[in-house]
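The values are calculated or read from the model by the stated rules, or taken from the named source; none is laboratory data. Bear in mind the structure is a predicted one, so any value in this text is a computation, not a measurement. All Cβ positions, glycine included, derive from the backbone under ideal geometry; neighbour counts span all protein chains shown. To get the accessible areas, we keep the full protein, side chains included, count just its heavy atoms, and leave off ligands, DNA and RNA. Shrake-Rupley method; radii C 1.70, N 1.55, O 1.52, S 1.80 Å.
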Amino acid sequence: MNKISIDIVNSRVNIHTSERRALAILALVAIISAFGILPVHADLYVVSSTGNRVSRFDSSGSALATPTPDPLIGSGLSSPHDALVDSAGNLYVSNTSANTVGKYDAKTGAVINASFITGLSGPRGLAMDATGNIYVV
């Protein structure tokens, strides 16, 4: 049986377990009421609708943000539900209450265009095809 130990100190989540990646995902969902979970390379992006934030974690479960501290995006979101990252390193976040999709720098969280896609009605899910077209549900 695997054990999970979670430390939350100064808004930093550290997860200790032998099967870090899989168990980290489950633990993070429970911790921050996540709606969207997006693995990108060795990082994990977690969208929290109740916290109006997007956090970025490394494969050990430690929160990452540049500049620190976590969250990566902690203001300007309105009930975010999903996210995706394109090949150019752009992070797109659906803002359900604002009826928009915002575009951010995936590494720094810097706003590129907070209202990249507008005129939506409660956007939740996001998908991207091989040519870069974004689909919103």
- Identify all residues within the stretch 86-102 that are open to solvent by 40 Å² or more (accessible area, probe 1.4 Å) and either hydrophobic (A, V, I, L, M, F, W, C) or closer than 18 Å to Asn133 by Cα (or both); write none if there are none. Ser87, Ala88, Ala98
- Task: Go through the stretch 41-54 and give me each residue that's among the hydroxyl-bearing types (Ser, Thr, Tyr) and in contact with a Leu (Cβ under 6 Å, 6 or more places away or on another chain).
- Result: Tyr45
- Query: What do you reckon, is Gly51 touching a helix residue (DSSP H, G or I) at 6+ places or on another chain (Cβ under 7 Å) and in a loop (DSSP other than H, G, I, E, B)?
  - Reply: yes
- Message: When you scan the stretch 68-91, do you find a residue that is in contact with a His (Cβ under 8 Å, 6 or more places away or on another chain), within 16 Å of Gly36 (Cα to Cα) and either of a type in the set (Gly, Ala, Ser) or modelled with pLDDT of 85 or more (or both), even just one?
- Response: no
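Only one residue in Gly76, Gly119, Gly109 is open to solvent by 40 Å² or more (accessible area, probe 1.4 Å), on the phi > 0 side of the Ramachandran plot and within 15 Å of the chain's Cα centre (by Cα), so which one is that?
None of the others qualify; the one that does is Gly76.
Residues are listed down the side, and each one gets a yes or a no for (1) under 14 Å from Leu44 (Cα atoms); (2) assigned to a strand (DSSP E or B); (3) touching a strand residue (DSSP E or B) at 6+ places or on another chain (Cβ under 7 Å):
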| position | (1), (2), (3) |
| --- | --- |
| Leu77 | no, no, yes |
| Ala88 | no, no, no |
| Ser94 | no, yes, yes |
| Ala98 | no, no, no |
| Ser121 | no, no, no |
- Conditions (1) open to solvent by 50 Å² or more (accessible area, probe 1.4 Å); (2) in a loop (DSSP other than H, G, I, E, B); (3) under 20 Å from Asp43 (Cβ atoms); (4) of a type in the set (A, V, I, L, M): number failed by Ala130: (3)
